[in-house]
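Since every read-out is calculated from the coordinates, none of them should be taken as a lab result. Only a predicted model underlies this, so the values are computations on that prediction, with no experimental measurement involved. A quick note on method: Cβ atoms are made from the backbone with ideal geometry, for glycine too, and the neighbour counts reach across all protein chains shown.
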Amino acid sequence: MSQSSLWQLHTDTGDFAELCNALYQREISLIAKGDFSSAQSVQARLESLSYYITRTAHAMVTVIAQGHSPLLLDTHNASWSAKQGKQIPLSGQETEQECANIINWYLQKDIYVGLVVPVLLADHIIIDCIDRIDLDKQRIRTNVGGWFSLTIDELMHKGQETNKRLLKPNKKIMTSACTGHCWQGNNKQLPIIPTLRELLLSCSINWKNFKKPLAI
């Protein structure tokens, strides 16, 4: 089946229509409440909205139809869902040796700009992507998180000070990021719905190999 046929098949489904409707409602509400510097900024946002909503909805339906995602698709809320653990899933990312493993993962040659990665922001994990790599200074910049120094001291201590840490992807962490799971201490909180950008990025995750994203 051709790519255009797949697109037609998925856009004809009720799930696709429901996703688009939910995404439009959410994005229009965000724009209405947003603080924009000019009318042109609002116009630019609205002009691109249809493209990104359609693309995201199609990607979400596709990864489910093709069995690429272990997550459950909530079409009514245009989000992913999965069982939430009692605590934020940071096991394997906290000790000095574990931080060394994270650094080693990010310093490999198969890391590249555009790769989807998880970033811890205080009480929840977001889906982010690498937008710059500076090997000379051993640091990586992500689109939302900004610069992260790939040294053990910075990773362990500065991350605690700023409530912002670069994490190594694994299934539990990426599930938490995609579904917006949130905690306060050891108490579960209501999920934070990922942004439209995060939802689109989530569809490129290859759950069998986080360094080899899916084509969406």
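For segment 26-129, the set of GluC sites (Glu not before Pro) satisfying both a DSSP loop assignment and a count of at most 16 other C-beta atoms within 10 Å is given as E94. Give me V113, V63 ranked fewest to most by other Cβ atoms within 10 Å of their Cβ, as a rough exposure proxy. So the residues, fewest neighbours to most, are V113, V63. Scanning residues 5 or more positions from S79 or on other chains, those with amide H under 5 Å from its amide H are D74, with H placed 1.01 Å from N in the peptide plane.
Below 17 Å Cα-Cα, how many Lys pairs turn up in the chain? Only count pairs eight or more apart in sequence, or on different chains, if you could. Taking the chain as the scope, the lysine pair count is 21. Net charge within 14 Å of N21 by Cβ-Cβ distance, Lys/Arg positive one each and Asp/Glu negative one each, not counting N21 itself? Counting the neighbours of N21, the net charge comes to -3.
Just to be sure I follow the definition: excluding the sites themselves, where is the longest run in the chain that has none of the chymotrypsin sites (Phe, Trp or Tyr not before Pro) in a DSSP loop with at most 14 other Cβ atoms within 10 Å? Could you put the intermediate results ahead of the total?
Numbers: sites that count: F36, Y112.
Counting at most 14 other Cβ atoms within 10 Å as exposed, the longest clean stretch of the chain is 113-216.
Panel order for D134, D128, D74, by other beta carbons found within 10 Å of each beta carbon, from fewest to most: D134, D74, D128. Ellipticity at 222 nm from helices only: DSSP H runs of n ≥ 4 in the chain, each -39500 (n - 2.57), divided by the residue count, give -12500 deg cm²/dmol.
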